[in-house]
Amino acid sequence: MGGGAAGLRAAIAAAEASDGLDIALVSKVYPMRSHTVSAEGGAGAALGPDDSLDLHAFDTIRGSDYLADQHAVEAFVAEGPGEIVQTERWGCPWSREPDGRLAVRAFGGMSVNRTAFAADKTGFHLLHTLFQTSLKYERIVRLDEFFVTSLLLEDGRCVGVAAIDMRDSEVRCITAKAVILCTGGIGRVFSFTTNAAINTGDGMALAYRAGVPLKDMEFVQYHPTGLPGTGILMTEASQGEGGYLVNNEGRRFLEDYIPSKMELGPRDILSRAIIEEIEKGHAFEGPYGHYVHLDIRHLGEKTIDKRLPFVRELATKFVGIDPVHEPIPVRPVVHYMMGGIDTDEVGRTRLPGLYAAGEAACVSINGANRLGSNSLTECLVFGRRVGRLAAQDALVAAAPSENPVVRLAEAEQERLVASYLEKETGTERVAAVRRDLQAAMERGAGVFRTEESLKQAVEEVGELRERYADLSLDDRERAFNTELVAALELGNMLDVAETIVRSGLDRRESRGSHTRRDYPDRDDDRFLAHSLAFASAEGPRIEYGDVTITRWPPEERKY
Amino acid sequence: MAHPDLWPETPHEGPEDLELWEEGPPREPGAGPRAEGPPAAGEVRLTLKIRRYNPAVRPDAWWDEFAVNMHPTDRLLDALHEVKWFHDGTLALRRSCAHGVCGSDAMLIDGRNALACKVLVKDVAPKVTVEPIRGLRVIKDLVVDMEPFFEGYKRVLPFLINDEDPPDRERLQTPQERERYDDTTKCILCAACTTSCPIFWGDGEYIGPAAIVNAHRFVFDSRDRGARDRLDILADRTGVFRCRTTFNCTEACPRGIKVTKAIQEVKRAIMFDRL
Ligand SMILES: Cc1cc2nc3c(=O)[nH]c(=O)nc-3n(C[C@H](O)[C@H](O)[C@H](O)COP(=O)(O)OP(=O)(O)OC[C@H]3O[C@@H](n4cnc5c(N)ncnc54)[C@H](O)[C@@H]3O)c2cc1C
Ligand code: SF4
Ligand code: FES
């Protein structure tokens, strides 16, 4: 389930694992519309001569504020280079060095140049390459524009999914011996985000409702450099190529916060620095709030056009500023979910038959803060791992019994008709509830959080749930009913939002992206642990799980 | 000229029928308020005239008008969302990234194909006409059946073909070799080009510019060995030689790909057997 980098990579791995499998790739949008398409900067892997696996592992673990599981990180860095090379063999148009090798660039939090890139449209090229490669396998049957509404469970096992075909809004029941969730992130739970409109955390909500815990959900990454208003990302490659962040005094203010790394510091630190500059009155003010400047003018037109053409295109188009001549207004913006469906280092969840990978999953290699360019590689490495594993498991698993499964799908259809399409009561619009949810999350679970702000958000999300029950749709017809889809997505967003604020409330420390003004320090005695949010009748129940430490004992995170 | 009501059923329709369509908002279910108060400071009022179609409501297409207040720098996509989320939830459109890379939202905007997320309100206010792209069957409102488009794409074998044993690491490719096919790697499969092409409208068989662009992307990639197969496919009667070089495709492409040039290069490669 999912046609982004992780889902496509998993499908290809499963197709390669055996001739004897039927693979369905279910996606609510055509695969090349998936959010992976927006990734700009690059994919990190220890490819260069001055790099090593240990160095990549250490950067990742330190970046994670020691919350990453180190055995998973070790597997990740070891398999990353092979995966990048694999996509090269499949035709990915990576940018090259003069001698023809893959070029690598600098990225935040990485101590050497290790980010392979395809101009500044890396995700786009990677996604298209994977999509194109998937076309070679007839075994991969695509179900495009199918929206999955629930997991089918039988005797404590996941035996498929129920999905509506958006063309006619009929529930189709797709039985399976293995289901892999690669449904991406949750950015849309917040109002100001770099994420595509489709990033509503569906897979996380499905797994959660099926009893699988969501891990480390309090860790939401803010990217330091989004365009005010639209939230469109100015890739960190701008800083990798040498761009500056400047306040309203014309000063590179990061020298007050992280002088050793400056603009190449990790995202959590940079985002906090910008918010603090705003609070000190050192920021500019515009119609879409406060911002600082990203200045790349000194790179010159030639470098900008060669290495950062998309940055120029986006800034010119959407804020009317040509970065060759003027600095770009930027501010922190919700970007990435470190947490997700709890899996082991091969993508298995606690529910037999259910697997997950990509941004939807929490393995966890990202811990409390992901390093830029690690997640595309994560999608490749863990997409492949989980695809193979699920294939092996499926080859020996018993077939689900058709009968009960068909009944489950019928029940799902009835639920959709009764709760949405033919529901007679209700006054709330999807968009009104969604807008208020996004605003509540922005207020309560932003870059800086407190007991009070999180409690308030918990309460507000609870109220929004009640309003959700009072939803009424304009569109009661079956053909391409995107309002129905939006309503189902909103239900998922509410579940996910609740786990974010509850996990955040209980984590009374500051670590990585989770910054509590009332608990400013990291507290390894109590919180060197993964939070696990389980669904219960009273809302999320938070438990804690161990972090795997192999070779890098936690120390103060210094740059 | 076909009867306008037949539009949704007849995929290959020319643009000349525009004037004939019925005006007015005929639809009842869920009709919300169609206009709000005057625009606030810094906002502009935009009237969207949208071509609607929903076979469950009525058999033919119709026009609806909505007035919304937007910031001048908002995208047309934001205005369509404003309509969908606060005026009429039945409006159907596709979108995802909202900044011109995913290819979801090509539409006919004031008579030209463009991505709704790359058109700014200030460039179309006070009034804009929005229709589905042409030449593909309309499913509902602005959503068309993309399957024939993707079938054309698939026919040109849009994946790297090379059975030689690869080296241990990556294959080498110089920046110059990489540059050779750079332009056509940028295609986002939005169908703006193909659905602006009069040959494609008039002729259900033409594979269309987007498929040729994607063939070009591999034919001129130094790592690929499948050029012969692709060129044979494109030499066929549904292929490149149907192109009459009208340049509509190049004008329509939101990624600025030189589509006609790519088509010409593919034609030449076929004629002179030269890559
Ligand atoms: C603007 C931006 C720039 C980025 N740049 C970088 C970068 O430079 N380097 C880097 O490493 N990372 C980057 N990232 C992060 C990275 O792009 C994502 O984490 C990654 O692409 C996620 O891929 P995925 O396969 O997990 O999910 P996605 O690509 O989001 O795909 C999710 C898939 O699930 C499907 N789906 C979801 N719900 C349903 C449902 N209910 N039913 C059916 N299908 C469903 C969708 O259709 C889609 O196909 C960036 C992110 C953003 C927002
Ligand atoms: S060539 Fe341009 S217009 Fe045609 S599908 Fe590709 S991106 Fe769209
Ligand atoms: S929404 Fe992605 S291209 Fe417009």
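Subtract the Cα-Cα distance of A:GLU138 and A:ASP524 from 0.36 nm times their separation in residues, and report this length gain in nm to one decimal.
The span from A:GLU138 to A:ASP524 would gain 133.9 nm if fully extended.
Just from its helices, what would the mean residue ellipticity at 222 nm be for chain A, if runs of 4 or more DSSP H residues each count -39500 (n - 2.57) and the sum is divided by every residue, rounded to the nearest 500 deg cm²/dmol?
About -11500 deg cm²/dmol.
Normalise the Cα radius of gyration of the protein assembly as shown by 2.2 N^0.38 Å (N = residues in it) and let me know the number.
The reported ratio for this selection is 0.90.
Which ³J(HN,Hα) values, rounded to whole Hz and listed in residue order, are derived for the range B:190-205 from phi using the Karplus coefficients 6.51, -1.76 and 1.60 in 6.51 cos²θ - 1.76 cosθ + 1.60 with θ = phi - 60°, glycine and proline given as x?
Coupling constants for the range B:190-205: 8, 6, 4, 5, 4, 8, 10, 8, x, 5, 5, 4, x, 8, x, 9 Hz.
Using only protein heavy atoms and a 1.4 Å probe, how much accessible area in total is buried between B and A, to the nearest 100 Å²?
Summing both sides, the interface buries roughly 5400 Å².
Among B:PRO59, B:PRO175, B:PRO132, which one shows the highest mean-square fluctuation when chain B is modelled as a Gaussian network with alpha-carbon springs under 10 Å?
Judging by the Gaussian network model, the answer is B:PRO175.
Which net charge results for the neighbourhood of A:VAL212, defined as the other residues with beta-carbon distances under 11 angstrom from its beta-carbon, given Lys and Arg at +1 and Asp and Glu at -1?
+3
Would you tell me the accessible area of A:TRP90, worked out with a 1.4 angstrom probe on the heavy atoms of the protein chains, in Å² to the nearest 10?
Estimated to the nearest 10 Å², A:TRP90 gives 20 Å².
Using 0.36 nm per residue of separation minus the Cα-Cα distance, give me the extension gain between A:TYR544 and A:GLU463 in nm, one decimal.
Here the segment from A:TYR544 to A:GLU463 would lengthen by 26.5 nm.
R0 = 22 Å: FRET efficiency of A:SER260 with A:LYS280, Cβ-based, nearest 0.05?
Given R0 = 22 Å and the Cβ-Cβ separation, E is 0.55.
Using DSSP to call loops (not H, G, I, E or B), can you name the trypsin sites (Lys or Arg not before Pro) in the range B:179-234 whose Cβ has at most 13 other Cβ atoms within 10 angstrom?
B:ARG225
Taking the Cβ-Cβ separation of A:ASP50 and A:ASP322 as r and a Förster radius of 30 Å, what is the calculated FRET efficiency to the nearest 0.05?
Result of the calculation: an efficiency of 0.30.
Convert each backbone phi in the range A:378-394 into a coupling constant with the Karplus relation 6.51 cos²θ - 1.76 cosθ + 1.60 (shift: θ = phi - 60°), then list the ³J(HN,Hα) values in order as whole Hz, x for Gly and Pro.
4, 4, 5, 5, 7, x, 5, 4, 6, x, 5, 4, 4, 5, 4, 5, 5
Which percent of Cα-Cα pairs in chain B sits in each 10 Å bin, short to long?
Distribution as computed: 7, 27, 30, 20, 11, 5, 1 percent.
Quick one: which residues, 5 or more positions from A:ARG516 or on another chain, have an amide H under 5 Å from its amide H? H modelled 1.01 Å from N in the peptide plane, none for Pro or chain starts.
Close amide H contacts, sequence-distant or interchain: A:ARG449, A:SER510, A:ARG511.
Could you do me a favour and compute the accessible area per residue for chain A, 1.4 Å probe, result in Å²?
Value returned for chain A: 32 Å² of accessible area per residue.
Note down the Stokes-Einstein diffusion coefficient of the range B:147-274 in µm²/s, whole number, using a Kirkwood radius over alpha carbon pairs, 4 °C, and 1.567 mPa s.
For the chosen part, D equals 87 µm²/s.
I need the phi-derived Karplus couplings for the range A:179-194: 6.51 cos²θ - 1.76 cosθ + 1.60, θ = phi - 60°, integer Hz, Gly and Pro marked x.
10, 10, 8, 10, 9, x, x, 10, x, 5, 5, 10, 7, 10, 8, 7
Using only alpha-carbon positions, what ratio does the radius of gyration of the range A:2-58 give when scaled by 2.2 N^0.38 Å?
Here the Cα radius of gyration is 1.54 times the empirical estimate.
Can you give me the three principal axis dimensions of the range A:224-334 from its C-alpha atoms, in Å, biggest first?
That works out to 34, 33, 25 Å along the principal axes.
Mind checking the range A:91-194 for GluC sites (Glu not before Pro) that DSSP puts in a loop (not H, G, I, E or B) and that have at most 13 other Cβ atoms within 10 Å?
For GluC sites (Glu not before Pro) across the range A:91-194 that sit outside H, G, I, E and B with at most 13 neighbouring Cβ atoms in 10 Å, the list reads A:GLU138.
List every residue whose amide H lies under 5 Å from the amide H of A:VAL333, counting only residues 5 or more places away in sequence or on a different chain, with H placed 1.01 Å from N in the peptide plane.
Under 5 Å from the amide H of A:VAL333: A:HIS223, A:THR225, A:GLY226.
Please work out the Cα center distance from the range A:409-455 to the range A:113-156, rounded to the nearest Å.
28
Would you grab the residues whose amide H sits under 5 Å from the one on A:ILE198? Only those 5+ places off in sequence or on another chain, please, with H modelled 1.01 Å from N.
Amide H neighbours of A:ILE198, under 5 Å, 5+ apart: none.
Cα-Cα over 25 Å: which of A:LYS28/A:LYS121; A:LYS121/B:LYS261; B:LYS84/B:LYS258; A:LYS28/A:LYS136?
B:LYS84/B:LYS258
Of all accessible surface on the protein assembly as shown at a 1.4 Å probe, what whole percent is carbon and sulfur?
50
Treating only the Cβ of Lys, Arg, Asp and Glu as charged (+1, +1, -1, -1), what charge dipole size does the range A:35-171 show about its Cα centre? Round to the nearest 20 debye.
Dipole size: approximately 400 debye.
Taking 0.36 nm per intervening residue step and subtracting the Cα-Cα distance, what contour gain separates A:GLU249 from A:SER401 on full extension?
47.9 nm
Between B:VAL57 and B:ASP236, what is the FRET efficiency for a Förster distance of 30 Å, r being their Cβ-Cβ separation, to the nearest 0.05?
0.15
Along the three principal axes, how long is the range A:420-474 when you take its alpha carbons, biggest first, rounded to the nearest angstrom?
42, 15, 12
Quick check: net charge around A:ALA103, other residues with Cβ under 9 Å of its Cβ, Lys/Arg +1 and Asp/Glu -1?
So the surrounding residues net to +2.
Over all pairs of distinct alpha carbons, what does the Kirkwood formula give as the hydrodynamic radius of the range A:403-521, in Å?
Hydrodynamic radius (Kirkwood, Cα only) of the range A:403-521 equals 16.0 Å.
Give the percent of DSSP beta bridges with both residues in chain A that are antiparallel, rounded to the nearest 5.
Antiparallel bridges: around 75 percent, rounded to the nearest 5.
Might you work out the accessible area of A:HIS125 for me, using a 1.4 Å probe with all protein chains in place, and round it to the nearest 10 Å²?
10
The values are calculated or read from the model by the stated rules, or taken from the named source; none is laboratory data. These numbers come from a predicted model, not from an experiment. Glycine gets a Cβ as well: all are built from the backbone with ideal geometry, and neighbour counts include every protein chain shown. With ligands, DNA and RNA removed, areas are computed over all heavy atoms of the protein, side chains included. Shrake-Rupley method; radii C 1.70, N 1.55, O 1.52, S 1.80 Å.
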